[in-house]
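Below is one structure, written out as structure tokens; the observations come after it.
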Amino acid sequence: MASSVILETKGLSKSFGDFTAVEMVDYSICEGESAGIIGPNGAGKSTFFNLLTGMFPPSKGMIRFMGSDITDQASFKRVSLGLVRTFQLVSVFNSLTVLDNLVLAAVPFNSQFTRMSRFMLGSAHRDEVLSLCEESLIRAGLEQKRWSLTSELSYGEKRMLEIAMALLLNPKVLLLDEPLAGLSEFEISDVLSIINSLREQLTLVIIEHKISRLVGIVERLSVMHQGQIIAEGLPDQVLCDPTVRRVYWGADDQACET
Amino acid sequence: MKSINTTTLKKFDLLFIAIAFVMLGYLVTFQRTTDFIIFCIFVVSYDLIYGYMGRLSFGHMLYLGTGAYATALFCDHVSSNPLLAILAGVVCSALLGAVLGPIVTRTTGACFALINLAFNQVGYFLVLIGFSSYTGGEDGMSAFFGNLGPINFNNKMTVYVFCLTIMLFVVYFVRRLTSSPFGILLLTIKENESRSQFLGYNTVIYKLIAFIISTGIAGLAGGLSILNYTYVTPSFIDPTRNVEVIFASLIGGAGSLYGALAGGITYMMISNYLPNYIQRWEMFLGIMLLILVFWFRAGVWGYLTRFSGKPGKEMGS
Amino acid sequence: MLLSVGKLNVFYGSAQVVSDVSLEVDQGEMIFLVGRNGAGKTTLLKTISGFLPSGSGKILFDGADINGKPSNELALMGMRYVFQDKRVFTQLTVRENIHLAAYPFKQKASEAEEKVVGIYPEIVRFMDKKAGGLSGGQRQLLLLGRALIGNPQLLLIDEPTEGLAAGIIDQVFRVLKMMKGQLAMLIVEQNLAVVSQLADRVYIMQEGQIPRELVSQADIQDQEQLEKYL
Amino acid sequence: MINTLAYGLTIGGILYIISVGLSLTFGTMRIVNFAHALIYTVGAYALIAALPFLGGYFVPATVLAVLAAVPLSYVIERYIIRRLYGASIDYAIIATYAVLLIGVDITKWIWGATPIPLSDPVNQYLNIFGVSLPVYRLIIIALSLLVFLALEIFLRRTMVGKIVVAGLEDREAVSSLGINVEKYFCLIFVIGSCLAAFGGVLYSPITTVHPYMGFQVLLLSFAVVLVGGLGSMRGTFISAFVLGMVMAVTGRFWGPAAETMVFVVMAVVLIIKPIDV
């Protein structure tokens, strides 16, 4: 293996009552890699992300990030270590302006603002902060809308904003939960081009339904089904795996065309 | 650059507020205006946790009362220096906020409202009965401030000027606070706290900080009212009086600093002048609250800004 | 026409979620609604069935204007909505779940149970278990069976196969096939295999609108073509 | 000792009767209904108003007082609370508080602010282990057990109970079956309010009746609901008696601190087991 493992799980499980959403998942990803996770709805992909990012504690198993055990760490701690995510349903602050959303993401790990006095009493719209956000605004194509309320944005624009916020947090590993869901063809290509440009800079894990769009981007593909990872490997190989085809397309009569 | 525009505008705001309160002084007498000012400070402190952080408390009188009693006790037992006594009030309130904050700030909604109310009830009991040998129980206690150098704090005009100055400081401080990243964070805690944590913020700490600041300012209002009245009674910590500050906050428009001031003035105007004409004061308050909740949620400030589009226009009257 | 929706608009605050949607469902028809997440499908179904405040536009059911009527009245009129996420009452037993559905129609409990058993015979094994212990597939089948109690004329079903394993999807598929023709159904579905095998017609939903309607079976069975709308 | 125990059980019984209504409505609507305290007060005053007309007979007066809660609570549910569903929970809290303020003021208007004492309607004593206990208190304890059992049967055995249990979990899904959930919730609200009035009636011979009596009781019953666990009827039952005992034992040592101690217990419970509502 060329580079070191940055994020890994061992025997990670989560049950809700009788229902086991994630079962004994061993997963690992190396620095700089980009990986995809696919699987039918309800396979436990989002729950897996929620466990990784500390939305709730796992029932069993452990999570290591950059060599240290983060299984019991609070979500905000994980973010500060560089484990950042987006949400399946876009989650941005609708009551704030677009700019303020970005300001909030730009500030926490920027050495200029970590001083409490600056965080609490310095203006949120100082030039230093604004210049930090400016690049993100342009990248997300939202420079015209910086003073708009976020609730007025379209779904696709909110998705761009969410990704821009995630990037401002200086992630080492970025977890994208169905970043293309609910977007129009036009918006999908925007998001894909951003994701493509990120492959060089950081480690990516992407949950996605649109498998065809993922193939070109990820180097490795894992398939989840009923809480477990049932196949893993190069995208083309995984998609031709008979078990995967059966699970994913129900009855599997189509031959693999690759 | 828009940011420069707003800062210059905000600098004028302090001047506007000062002028408004001086005019108010001529209108309703300066002694009354001192009352108004102190209440406005209290509303500002309340609005920080209700309007900004989105937590409705029914127990904020506890901190006003703690500040008031601490100031009075300090004045009687330690030093009659008014500045030190008020400082003691602020510190005691903020300390109490720091002790109770970790318990209350992890609840929301109805629980937050009622746990605060329960603590307020405990405080009321302690003042009224528990520590009545110190606090004078139902009769309350007096505090006599000494002079501060040449300044005589028994002069009502001096108290007025002093309170106005303090209020301008508070407004300046809270405005810095609410227009900082911290202020934005408070708004996000109101909207979706768990999402803020995924931006790397330890919201537990920041909620606590906001709570402590708010309780400290409430204590300041308590201390200033001792300066104004020179006595304190259990009504300063009576939990049933919380409705006043909730009312003021709503009528001004929750979640806006200027709204809090407008609400404070409006409430004081109503409560100072209407009881002469309205016998059933509680009923009136209740009906007004219902009207606010059903039809007038944006409050005075919300409507002013909607129609004028200019923040910082004439306050009150 | 059993159900006819004309120029329906629905807003969330200032955001328009459904715009100028028109659709029709005739007696006994099985219609599918296909579109990507966030296209407004669930909102549309919930508005029709009275779970969201009425939008502007016309909704006619069985000749009567039902726009703005509360959901429970519509259910009594014969229009039933089956939620996504398989929402059974987990605190009640399966039997109680069924009885609850029989209650508003003043139907005999035993008749109601028979109705559910009719489409899902295995359910007799869990009758007295808490519904919370059922798996997703079992819940979905219970819900479908329960929706038939009181002989509705129209079912609005939201993502019946979502999150189910392949084997169970087959089972749900069989039940839907069995129900086909007996009553009208308007189904939101992302599983295109199910859509193409069952649909009489398909409405495509995109960004709150229905720009296309697929009528010919040739179009409906072209899964690759359909996939483009997901 | 036995006296303290009996006192604790009496307070516990009354607390249960009052707070179970709050627990029901809190469970159904997630709204802390401040007007609950008003209905409690109204119950007590209705008793006082009814007694002279009924020749001083306590039982028929009680029935009248409890019935008086029906129209009042219906109006509150229908025109205040139901209109605020979906809006921020704060508004419902403020609105019901406003109703409490208005109601208390009207009570003051009609009956004045002076406390009205009531005599023990049974006025007999029972000798247990050499301690004479008022029969009235024993009746209260028995009544609270009766209310508990009746509610258990009502919620678990009847169709209405099942609708409410299902509605607590998922209002929309109940509605999709053709059931008018609001009607049943309104019924529950009225039942809970009647219990509050009943509690007010039962408590008034032990304390005095005054317009502000609802405020303290509201806080106490809220503590009961919180300590018992939200939406748990059995938890409410147990915690009512536990807190009743807390009050009785504290009261033995230092009367005025009894209520305060309840809030201290509540704070401790909250520290150990935080509640997210």
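The values are calculated or read from the model by the stated rules, or taken from the named source; none is laboratory data. Everything quoted here is computed from the prediction, not taken from an experiment. Counting neighbours? That spans all protein chains shown, and the Cβs are built from the backbone with ideal geometry, glycine included. Surface areas here come from the heavy atoms of the whole protein model, side chains and all, with no ligands, DNA or RNA. Shrake-Rupley method; radii C 1.70, N 1.55, O 1.52, S 1.80 Å.
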Exercise for the section: Quick one: accessible surface of C:ILE168, probe radius 1.4 Å, all protein chains present, in square angstrom to the nearest 10. Expected result: 50 Å²
Practice task
Could you provide, to the nearest whole Å², the per residue accessible area of segment D:18-212 with probe 1.4 Å?
Solution key: 39 Å²
Problem - P(r), alpha carbons of segment D:18-212 - 5 Å bins starting at zero, rounded % - result: 1, 7, 14, 18, 18, 14, 12, 8, 5, 2, 1, 0, 0
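Note the direction-averaged projected area, equal to a quarter of the hull surface, for the Cα convex hull of segment A:64-140, in nm².
Value for segment A:64-140: 6.8 nm².
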Exercise for the section: Report the residue, chosen from B:VAL293, B:VAL90, B:VAL159, that carries the largest GNM mean-square fluctuation when chain B is represented by alpha-carbon nodes joined by springs under 10 Å. Expected result: B:VAL293
Practice task
Mind jotting down a quarter of the surface of the convex hull over the alpha carbons of chain A, in square nanometres, one decimal?
Solution key: 15.2 nm²
Exercise for the section: Scale the Cα Rg of the protein assembly as shown by the rule-of-thumb value 2.2 N^0.38 Å and send over the ratio, two decimals. Expected result: 1.02
Exercise for the section: Quickly estimate the mean residue ellipticity at 222 nm for chain A, helices only: each DSSP H run with n ≥ 4 gives -39500 (n - 2.57), and the total goes over all residues, rounded to 500. Expected result: -10000 deg cm²/dmol
Fill in the blank from the handout: Probe 1.4 Å, all chains present, heavy atoms only: D:ARG252 accessible area in Å², nearest 10, is 140 Å²
Practice task
Kindly report, to the nearest 10 Å², the accessible surface of B:SER133 as traced by a 1.4 Å probe over protein heavy atoms only.
Solution key: 100 Å²
Fill in the blank from the handout: Tilt, helix D:159-169 to longest principal axis of chain D (alpha-carbon atoms), in degrees rounded to tens, equals 70 degrees
Exercise for the section: Using a 1.4 angstrom probe on the protein heavy atoms only, line up D:VAL242, A:VAL90 by accessible area, largest first. Expected result: D:VAL242, A:VAL90
Exercise for the section: Could you tell me how many degrees, from 0 to 90 and to the nearest 10, lie between the Cα long axis of helix D:35-50 and the main elongation axis, the longest principal axis, of the Cα atoms of chain D? Expected result: 50 degrees
Practice task
Pairs of Cα atoms under 8 Å, at least six residues apart: use those to get the relative contact order of chain D, whole percent.
Solution key: 39 percent
Exercise for the section: Extending each Cα 7 Å along its Cβ direction at A:ASP127 and B:TYR172, get the distance between those two points in nm, one decimal. Expected result: 2.4 nm
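Taking beta carbons within 10 Å but only from partner chains, what does the mean come to for residues A:50-56?
Working: counts 0, 0, 0, 2, 2, 3, 0.
Whole-number average of other-chain Cβ neighbours for A:50-56 is 1.
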Fill in the blank from the handout: Filtering chain C for DSSP H helices with an axial alpha carbon extent of at least 15 Å and a Kyte-Doolittle mean of at least -1.0 returns C:109-119, C:136-148, C:166-179
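Can you list the DSSP H helices in chain B whose Cα atoms extend at least 30 Å along the helix axis and whose mean Kyte-Doolittle hydropathy is -0.5 or higher?
Both cut-offs are met by B:2-28, B:82-104, B:156-178, B:203-229.
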Fill in the blank from the handout: Per residue, accessible area of segment B:110-236 with a 1.4 Å probe, heavy atoms of protein chains only, in Å², comes to 34 Å²
Handout entry: Angle in degrees between helix D:181-203 and the longest Cα principal axis of chain D, rounded to the nearest 10
Key = 10 degrees
Practice task
Given the options D:VAL122, D:VAL201, D:VAL209, state which has the largest fluctuation in a GNM of chain D using a 10 Å cut-off (strictly under) for Cα springs.
Solution key: D:VAL122
Exercise for the section: Show me D:54-66, B:222-234 ranked by packing, highest mean number of other Cβ atoms within 10 Å first. Expected result: B:222-234, D:54-66
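With every protein chain kept in the model, how would you rank C:GLU113, A:GLU134 by accessible area, 1.4 Å probe, largest at the top?
Solvent-accessible surface, decreasing: A:GLU134, C:GLU113.
Ranked highest first by average number of other Cβ atoms within 10 Å, how do A:121-133, B:35-47, B:61-73, D:163-175 line up?
The most tightly packed comes first, giving B:61-73, B:35-47, D:163-175, A:121-133.
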Exercise for the section: Would you mind getting me the FRET efficiency between B:SER194 and B:ASN154? Use the beta-carbon distance for r and R0 = 60 Å, nearest 0.05. Expected result: 0.70
Fill in the blank from the handout: Each label sits 7 Å from Cα toward the beta-carbon; between D:ARG157 and D:VAL122 the label points are separated, in nm, by 2.5 nm
Practice task
State, as an integer percentage, the relative contact order of chain A based on alpha-carbon contacts under 8 Å between residues 6 or more apart.
Solution key: 26 percent
Completion exercise
In nm, the gap between the two label points placed 7 Å beyond Cα toward Cβ at B:GLN31 and C:SER110 is 8.7 nm
Handout entry: Top of D:LEU187, D:LEU118, D:LEU126 by mean-square fluctuation, Gaussian network on chain D, Cα under 10 Å
Key = D:LEU126
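Give the calculated FRET efficiency between B:LEU83 and A:GLN144 to the nearest 0.05, with a Förster radius of 45 Å applied to their Cβ-Cβ distance. Write down the numbers at each step before the final one.
Values: r = 51 Å, r/R0 = 1.14.
Efficiency, from the Cβ-Cβ distance: 0.30.
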Handout entry: segment D:18-212 - charge dipole about Cα centre, Lys and Arg +1 at Cβ, Asp and Glu -1, debye rounded to 20
Key = 180 debye
Practice task
State the volume of the convex hull built on the alpha-carbon positions of chain B, expressed per residue in Å³ and rounded to an integer.
Solution key: 143 Å³
Practice task
Find the centroid of the Cα atoms in segment C:85-127 and in segment B:83-155, then give the distance between the two in whole Å.
Solution key: 59 Å
